[in-house]
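Undergrad: Input: one structure, supplied below.
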Amino acid sequence: MDKRSIAIYTNEDRYSEETTSNLIAKLEAAGYAVTRELTEDVVLLICIGGDGTTLRAIHSYDFPEVPIVGINTGHLGFFQEIRPDQVEDFIEDFKAGRYTLQPITAVQAEVETADERFLYKGINEIVVRGSNAYSTHLNISIGDSFIEKFSGDGVLIATSTGSTAYNYSLGGSIVDPRLKLLQATPIAPMNTTAYRSFTSSILLPPDLELVIEPENERHHETRIINDGNEHMFIDVKRIRVELSDTVTKLVRFESYDFWNKVKTKFL
Ligand code: NAP
């Protein structure tokens, strides 16, 4: 039999470590080699922990093409597909090919400063904020149309997958992951006689970009946060946010149903 490899990424939680040892023994008994590296023969990446662990794995392996599955060890576990007590069934189903792959299209932000460009990708979202102490003022365009000068804490641009994360806490809509779109949600928008900002989320089709130009006259700081990873700038000219060509694949088994997951995790 062809010995194929499965890579494991785990957080340092004690329960995750116990789950990992048990998993390694069962995978090896089923004929798989287990590795921590994403070598060419790896057919699956298993992330043990919560959603945060899966996000960290995707970022540390730079949005890998190999299918990913999560084992939830006591967190919210929205990405996570398997409980630790389901490991044996999971190995059988995986070996027999009884699963589907859910494509997750990343969002990307191209940040242009006076003399450089940076690219950041997110599975959940890109957040554009000012400093913690002051409001930020952002000129926002959709495609070629200038929409408004936003004033407030910032703007979050979520994928459908990220709609249930920070976006949801901000009052954004939950989006079925089969819909390919971006959702721009304001963070503490100001609406006074001095400032006018949109207060609801805006949904964008996959081929439109959101262009954000910070007004840097008074407060220079701009923070770009992709899935919780923060990058600080003092000289941003423009940020272009759009859907990326990068697609990550999550393994889903027969019992997976997005709306059932929403019900069990949120209601
Ligand atoms: P964290 O602040 O430690 O955890 C944030 C929570 O969000 C965790 O409970 C995590 O689930 C959950 N989560 C992550 N992705 C999700 C998704 N797609 N749908 C539903 N829930 C999700 O940070 P972290 O664990 O490193 O995760 C980074 C994410 O935190 C960011 O992408 C952002 O969306 C989110 N966040 C949320 C808020 C907020 O809601 N106020 C503020 C900052 C950041 P697990 O418990 O399973 O890990």
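The values are calculated or read from the model by the stated rules, or taken from the named source; none is laboratory data. These numbers were taken from a predicted model, which means no experiment stands behind them. Quick reminder, even Gly has a Cβ in these numbers, built from the backbone with ideal geometry, and neighbours come from all protein chains shown.
Undergrad: Given the structure, is residue 239 part of a strand (DSSP E or B), touching a His at 6+ places or on another chain (Cβ under 9 Å) and not basic (Lys, Arg)? I'd like the intermediate steps shown before the answer.
TA: Working: part of a strand (DSSP E or B): yes; touching a His at 6+ places or on another chain (Cβ under 9 Å): no; not basic (Lys, Arg): yes.
No; evaluated as a whole, the condition is false for this residue.
Undergrad: How do the pairs read when you match residues in segment 182-211 that are modelled with pLDDT under 95 with residues anywhere that are of a type in the set (Val, Ile, Thr), using Cβ under 8 Å and keeping only pairs 6 or more apart or on different chains?
TA: Once the first residue is modelled with pLDDT under 95 and sits in segment 182-211, its partners that are of a type in the set (Val, Ile, Thr) give 191/199; 198/147.
Undergrad: Now for a different question. Which of the residues belonging to segment 20-34 are surrounded by 14 or more Cβ atoms within 10 Å (Cβ to Cβ) and of a type in the set (Ser, Thr, Tyr)?
TA: 20, 32 - these are the residues of segment 20-34 that are surrounded by 14 or more Cβ atoms within 10 Å (Cβ to Cβ) and of a type in the set (Ser, Thr, Tyr).
Undergrad: Sort out for me the strands (runs of 3 or more DSSP E) sitting completely within segment 142-189 that have 3 or more residues that are buried (at least 24 other Cβ atoms within 10 Å of the Cβ).
TA: Answer list for segment 142-189: 154-158, 182-187.
Undergrad: Just for segment 120-141: of the residues that are part of a strand (DSSP E or B) and over 18 Å from the mean Cα position of the chain (by Cα), which one is nearest to the ligand (Cβ to nearest atom)? First the steps, then the outcome.
TA: At the first step, the residues of segment 120-141 found to be part of a strand (DSSP E or B) are 120-122, 125-129, 136-141.
Add one more test, that the residue is over 18 Å from the mean Cα position of the chain (by Cα), and what stays is 136-141.
Details: 136: 17, 137: 22, 138: 19, 139: 25, 140: 21, 141: 24 Å.
Across segment 120-141, the extreme among qualifying residues is 136.
Undergrad: Of the residues 239, 224, which single one is of a type in the set (Val, Ile, Thr), on the phi < 0 side of the Ramachandran plot and within 16 Å of the ligand (Cβ to nearest atom)?
TA: Going through 239, 224 in turn, the sole match is 224.
Undergrad: Would you confirm whether any residue within segment 197-213 is over 23 Å from residue 52 (Cα atoms), within 16 Å of the ligand (Cβ to nearest atom), outside the structural domain of residue 54 (by TED's automatic domain parsing) and surrounded by 17 or more Cβ atoms within 10 Å (Cβ to Cβ)? Walk me through it before giving the result.
TA: Pass one, segment 197-213, residues over 23 Å from residue 52 (Cα atoms): 197-213.
Of the ones still in play, those that are also within 16 Å of the ligand (Cβ to nearest atom) are 201.
Still in the list and also outside the structural domain of residue 54 (by TED's automatic domain parsing): 201.
If we keep only those that are surrounded by 17 or more Cβ atoms within 10 Å (Cβ to Cβ) as well, we get 201.
Yes: one or more hits.
Undergrad: All but one of (1) more than 13 Å from the ligand (Cβ to nearest atom); (2) under 21 Å from residue 51 (Cβ atoms); (3) not acidic (Asp, Glu) hold for residue 151, so report the exception by its number.
TA: With (1) more than 13 Å from the ligand (Cβ to nearest atom); (2) under 21 Å from residue 51 (Cβ atoms); (3) not acidic (Asp, Glu) applied to residue 151, the lone miss is (2).
Undergrad: Take residue 252 and tell me if it is buried (at least 16 other Cβ atoms within 10 Å of the Cβ), basic (Lys, Arg), closer than 30 Å to residue 100 by Cα and at pLDDT 95 or above.
TA: Details: buried (at least 16 other Cβ atoms within 10 Å of the Cβ): yes; basic (Lys, Arg): yes; closer than 30 Å to residue 100 by Cα: yes; at pLDDT 95 or above: yes.
Judged against the criteria, residue 252 is a match.
Undergrad: For residue 179, only one of the following conditions fails: (1) in contact (Cβ under 8 Å) with a residue 24 or more places away in the chain; (2) within 16 Å of the ligand (Cβ to nearest atom). What is its number?
TA: The single condition residue 179 does not satisfy is (1).
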